[in-house]
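Below is one structure, written out as structure tokens; comments come after it.
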Amino acid sequence: MRERRLPDVQRLFPSENGNQQSRQMMMRFFEQILTGVDGLKNPDDVNLRGEKDRTDRFYNNLIQQSAIPSESMPMEEVNSELLALLHNHPYHTKYFLTNILPMASIPGIVGMLAAFMVNGNNLWDVYGPAGAEAEVKVISMMSKLIGYDAMKSGGYTTWGGQGAVFSGLRIAIAKFAPEALLKGVPDNLYAFCSDAAHYSLFKSVEATGIGTDKLIRVRTKADSSMDVNDLKLKMEEVIALGGIPVYIVATTGTTDAMGIDDLEMIQATAGKVAAQFGLLRPHIHADSALGGFFAFFQDYDFTANPLEFKTEVLQAIQAIHSRMKHLDLADSLCFDFQKLGQTPYLTSLFLVKEAADLTLMDLHPDETPYVGHRGYGQYHTGYTLECSRMASSISIYSALLAFGIQGYQQLLAQFVEVNLAFREALRLEIPEAVIVNADNPGIITLFRLYPEGGSRFEEEVSGACSLSEIDRNNKFNEILFEILGKQRERIFFGDTKKHLLVPTKEGSFTALYATKIFVISPYTEVKHVPEIVQYLKTFVSQVFEKYAEASTISGR
Ligand SMILES: *Cc1c(COP(=O)(O)O)cnc(C)c1O
């Protein structure tokens with residue numbers, strides 16, 4: 001009888017005893033991936049090299065062809081398959097300008113690797129002591145940075161900026177309606193955010209059972225920040241009808257335009273309105289997922305300017321920072337490290353000013369298990385929506401150490417400087433591209449074209465345009481979206497169909513479309529700006545030509 005050869009599955013695991021052979025094998029596999037990716041890199045394009053035929057049948061074909069192999073495939077071949085996935089993948093070269101989609105830094109990746117080597121479960125410190133230790137450290141580090149009392153604050157790593165908005169809402173519900181945990185949410189709880197806020201709150205009111213009808217959208221000003229007078233009016237309206245405002249999301253750095261809500265005014269106003277009606281002040285969550293990283297300038301000496309930033313860069317950072325410095329007034333907030341923290345997905349940090357708030361949504365109210373406020377073995381994150389949790393805090397920790405405050409300052413200042421260079425080059429080279437977030441310095445530029453050339457932006461913002469005119473202007477911009485989209489393997493720009501909700505002449509509201517330049521690659525430098533703007537210029541001309549052709553044909 002032939003001897004049956006059983007697969008040696010142990011060789012698929014890191015060694016038990018630290019032997020060199022196993023380590024070297026693993027290093028070879030890593031090396032194969034790193035070398036393979038390097039072989040695909042092309043700094044003159046956005047996408048990695050390689051073939052992908054992503055036609056209409058693409059996913060269908062995958063479904064038909066995919067099956068688990070019956071026999072073990074050698075790792076070298078598995079690696080080839082993995083590398084094939086990366087073919088033609090967008091990559092963060094200097095031409096990657098589309099959105100908040102950053103590169104993962106080396107310290108971020110190495111931090112993940114360290115976490116994976118022990119694969120602890122961050123649910124409980126006994127199962128994942130490394131993750132718990134790193135989590136307590138990074139919560140303390142970030143708390144001190146923004147001015148929370150680290151001995152009182154708390155938090156945890158979670159599923160994105162959206163998860164943080166959701167967690168804040170859970171706390172808000174538990175604060176205002178503790179019985180809701182047993183009986184379900186009452187039908188008079190209301191949440192507020194601005195028109196420019198991320199849709200995270202919309203999802204959260206839906207998922208918590210509050211209902212999206214009870215999400216009140218507050219008007220924004222032309223700089224995309226919340227109109228606090230409107231917040232006051234809307235809170236009063238809600239209360240007059242028997243509602244209770246429980247949650248306000250203040251966006252400190254909108255994802256499209258980098259608008260920054262005024263936390264100081266929001267807190268004061270919300271407090272005043274609530275007090276007037278004998279209510280608790282609503283829980284305020286600063287959605288600082290993206291913009292919060294400008295807190296790295298909290299202690300920067302803007303006068304001595306030790307990192308020698310150019311005057312206009314310094315002024316821009318100061319302008320952002322002056323609107324960001326009250327982050328500590330928020331009851332909770334978020335740092336999406338996979339955004340400007342330079343770590344891989346998913347490394348979001350949810351912070352609460354009062355760690356005791358976490359007990360409100362804990363499984364076991366008789367314990368006091370919140371971060372950093374208890375002994376080893378009691379660190380059980382029963383208050384998170386997740387059960388098992390990855391130790392993404394280790395990657396965050398790694399990045400915070402490797403970059404340091406100055407490293408982050410340097411990188412953010414570079415993004416700001418490149419963004420300023422884009423704005424200047426646009427104004428000089430493509431004057432018909434009207435910058436529509438000029439009030440917000442930062443790392444994003446939004447611009448808009450008008451069929452007649454010139455600018456109608458002021459009129460659009462002030463409500464002097466009809467809906468049909470704005471629609472027509474939007475469609476005109478959409479032509480550019482499409483042209484740039486077709487060439488996005490060369491230079492990858494972004495766009496948005498939701499920049500500013502503006503009033504129309506008829507009294508309705510409608511959103512503006514804009515093309516987006518998002519400075520996010522560490523490889524985009526000021527010296528690359530002229531070439532990129534010249535490239536853009538040819539396509540902007542094409543939009544006007546196409547439009548003129550279409551108008552002649554339709555006899556407009
Ligand atoms: C990105 C972003 C979110 C969502 O974060 P995820 O990590 O994608 O869940 C929420 N709010 C703001 C302001 C953001 O920029």
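Data table
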{"read-out": "Rounded if a/c under 1.5, otherwise prolate or oblate - region 414-554, Cα gyration tensor axes", "value": "oblate"}
{"read-out": "Dipole of region 18-90, positive end: most advanced residue of MET27, LEU83, GLY39 [Cβ charges, Cα centre]", "value": "MET27"}
{"read-out": "Unit charges at the beta carbon, dipole of the chain: most positive-side option, ILE396, SER541, GLN65", "value": "GLN65"}
{"read-out": "Amide H contacts of ALA250 (H built 1.01 Å from N, under 5 Å, at least 5 apart or other chain)", "value": "HIS285, ALA286, ASP287"}
{"read-out": "Ascending count of other beta-carbon atoms within 10 Å, so fewest first, for LEU83, LEU426", "value": "LEU83, LEU426"}
{"read-out": "Other-chain or far-sequence residues with amide H under 5 Å of ILE244's (modelled H)", "value": "LEU189, TYR190"}
{"read-out": "Whether region 83-226 is rounded, prolate or oblate, judged on the alpha carbon gyration tensor where a/c under 1.5 counts as rounded", "value": "oblate"}
{"read-out": "Local net charge near PHE539, Cβ-Cβ under 15 Å (Lys/Arg +1, Asp/Glu -1)", "value": "-1"}
{"read-out": "Bins of 10 Å from zero: percent of alpha-carbon pairs in the chain", "value": "3, 15, 24, 25, 20, 9, 3, 1, 0"}
{"read-out": "Rg [Å, one decimal], Dmax [Å, integer] - region 284-338, C-alpha atoms", "value": "12.3, 36"}
{"read-out": "Nearest-0.05 FRET efficiency for ALA275 and GLU525, computed from C-beta distance (R0 41 Å)", "value": "0.20"}
{"read-out": "Relative contact order of the chain, defined on C-alpha pairs under 8 angstrom at six or more residues apart (%)", "value": "19"}
{"read-out": "Integer Hz, Karplus 6.51/-1.76/1.60 couplings in order for region 437-454, x for Gly and Pro", "value": "10, 4, 6, 10, x, x, 10, 10, 10, 10, 9, 9, 9, 10, x, 8, x, x"}
{"read-out": "Dipole in debye (nearest 20) - region 375-506, about Cα centre, beta carbon charges: Lys, Arg +1; Asp, Glu -1", "value": "420"}
{"read-out": "Where only C-alpha atoms are counted, convex hull volume of region 281-406 per residue in Å³", "value": "138"}
{"read-out": "Within the chain, helix-based [θ] at 222 nm, where runs of 4 or more DSSP H residues each add -39,500 (n - 2.57), nearest 500", "value": "-13500 deg cm²/dmol"}
{"read-out": "Rg/Rh ratio calculated on Cα atoms of region 18-90 (Kirkwood radius)", "value": "1.07"}
{"read-out": "Region 478-518 residues near the modelled GLU459 label - backbone nitrogen below 14 Å, point 7 Å along Cα→Cβ", "value": "504-506"}
{"read-out": "Computed magnitude of the charge dipole of the chain (debye, nearest 20; Cβ of K, R +1, Cβ of D, E -1)", "value": "420"}
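Every read-out reported here was derived from the displayed coordinates using simple, explicitly stated rules and does not represent laboratory data. Predicted model, so just to flag it, every value in this text is computed and none were measured. Cβ sites come from the backbone with ideal geometry, for glycine too, and all protein chains shown count toward neighbours.
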